[in-house]
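What follows is one structure encoded as structure tokens, with my remarks underneath.
The values are calculated or read from the model by the stated rules, or taken from the named source; none is laboratory data. Predicted model, so just to flag it, every value in this text is computed and none were measured. Cβ sites come from the backbone with ideal geometry, for glycine too, and all protein chains shown count toward neighbours.
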Amino acid sequence: MVSSNIEKALNDQVALEAFSYFQYLAMASWLDNNGFEGASKFIYNQAEEEKMHMQKLFFYINDAGGFAKAPAVPQPNHEYASLEELFKLILNHEGKVSTSIHELVNLCLQEKDFTSFNFLQWYVSEQLEEENLFRTIVDKIKMVGANTDGLYMLDKDLGRMAITPNQPLNSDMQP
Ligand SMILES: [Fe+2]
Ligand SMILES: [Fe+2]
């Protein structure tokens, strides 16, 4: 059974994953409205993943004898200066999520809650993957710069990644 401390920390993580879901939904909408159709599809898929992250935690809290609470979510940002700014914000946000997961893991160790510790290992690996993925995309956007042909190709590649998410961006970028 989870302690009240860990139950609270897990519910806080539910709220952060819910915020990620709505933030990515807002970003996908901006992308769709600004001509980045491929990137929009890709970010809609990422939003769905965040929803899954939230639900997985939600079910765990109740399975572990706690009480999962549906969170209040702050209004996400809807305005971005550029594709580059948007993806840099995502990378930064994922870094914050990783820190939050690591603090939660640390709390589990302090309280010797090895069940929750074990459950959270999936999130530790998932964050590594997500940070890597978004770092690669930010690097590609920087490489392309203001080149409109390059941006067009990158957008198409992101759209393809939305359909086959396991395909790495690097191989997609080959002409
Ligand atoms: Fe997440
Ligand atoms: Fe994420």
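On the basis of being without any contact (Cβ under 8 Å) to a residue 12 or more places away in the chain, under 19 Å from M54 (Cβ atoms) and surrounded by fewer than 17 Cβ atoms within 10 Å (Cβ to Cβ), does T99 make the cut?
Numbers: without any contact (Cβ under 8 Å) to a residue 12 or more places away in the chain: yes; under 19 Å from M54 (Cβ atoms): yes; surrounded by fewer than 17 Cβ atoms within 10 Å (Cβ to Cβ): yes.
Answer is yes for this residue.
Anything in the range 9-38 that is surrounded by fewer than 17 Cβ atoms within 10 Å (Cβ to Cβ), in contact with an Asp or Glu (Cβ under 9 Å, 6 or more places away or on another chain) and outside any helix (DSSP H, G or I)? List them, or say none.
Of everything in the range 9-38, just one residue is surrounded by fewer than 17 Cβ atoms within 10 Å (Cβ to Cβ), in contact with an Asp or Glu (Cβ under 9 Å, 6 or more places away or on another chain) and outside any helix (DSSP H, G or I), namely G35.
Exactly one of these conditions fails for L25: (1) among the hydrophobic types (A, V, I, L, M, F, W, C); (2) under 29 Å from K112 (Cα atoms); (3) at pLDDT 95 or above. Give me its number.
It fails just one condition, (2).
When you scan the range 73-170 for helices (runs of 4 or more DSSP H) that lie fully inside it, which ones turn up with 3 or more residues that are within 15 Å of ligand 2 (Cβ to nearest atom)?
83-110, 114-144
Determine the pairs where a residue that is within 21 Å of F114 (Cβ to Cβ) and aliphatic (A, V, I, L, M), located within the range 39-67, has a partner that is in a helix (DSSP H, G or I) and more than 16 Å from ligand 1 (Cβ to nearest atom) with Cβ atoms under 8 Å apart, the partner being 6 or more residues away or on another chain.
Here the result reads I61/E7; A64/T115; A64/S116, each pair linking the range 39-67 to a residue that is in a helix (DSSP H, G or I) and more than 16 Å from ligand 1 (Cβ to nearest atom).
If K41 satisfies all but one of (1) more than 16 Å from ligand 2 (Cβ to nearest atom); (2) exposed (fewer than 15 other Cβ atoms within 10 Å of the Cβ), what's the number of the condition it fails?
It fails just one condition, (2).
S100 - would you say it is among the small types (G, A, S), within 19 Å of the chain's Cα centre (by Cα) and at pLDDT 95 or above?
Judged against the criteria, S100 is a match.
Kindly indicate whether E94 is within 16 Å of ligand 1 (Cβ to nearest atom), touching a Phe, Trp or Tyr at 6+ places or on another chain (Cβ under 9 Å) and without any contact (Cβ under 8 Å) to a residue 24 or more places away in the chain. Walk me through how you get there before you give the answer.
Details: within 16 Å of ligand 1 (Cβ to nearest atom): yes; touching a Phe, Trp or Tyr at 6+ places or on another chain (Cβ under 9 Å): yes; without any contact (Cβ under 8 Å) to a residue 24 or more places away in the chain: no.
So E94 fails the test.
Answer yes or no: is there a residue in the range 57-70 that is at pLDDT 95 or above, assigned to a helix (DSSP H, G or I) and closer than 30 Å to V144 by Cα.
Looking for residues that are at pLDDT 95 or above, assigned to a helix (DSSP H, G or I) and closer than 30 Å to V144 by Cα, one finds none in the range 57-70, hence no.
For a quick check of your reading of the model, give me the residue pairs whose first member lies in the range 129-143 and is among the polar types (S, T, N, Q), whose second is crowded, with 16+ Cβ neighbours inside 10 Å, with beta-carbon atoms closer than 9 Å and at least 6 apart or on different chains.
Qualifying pairs under 9 Å: T136/L169.
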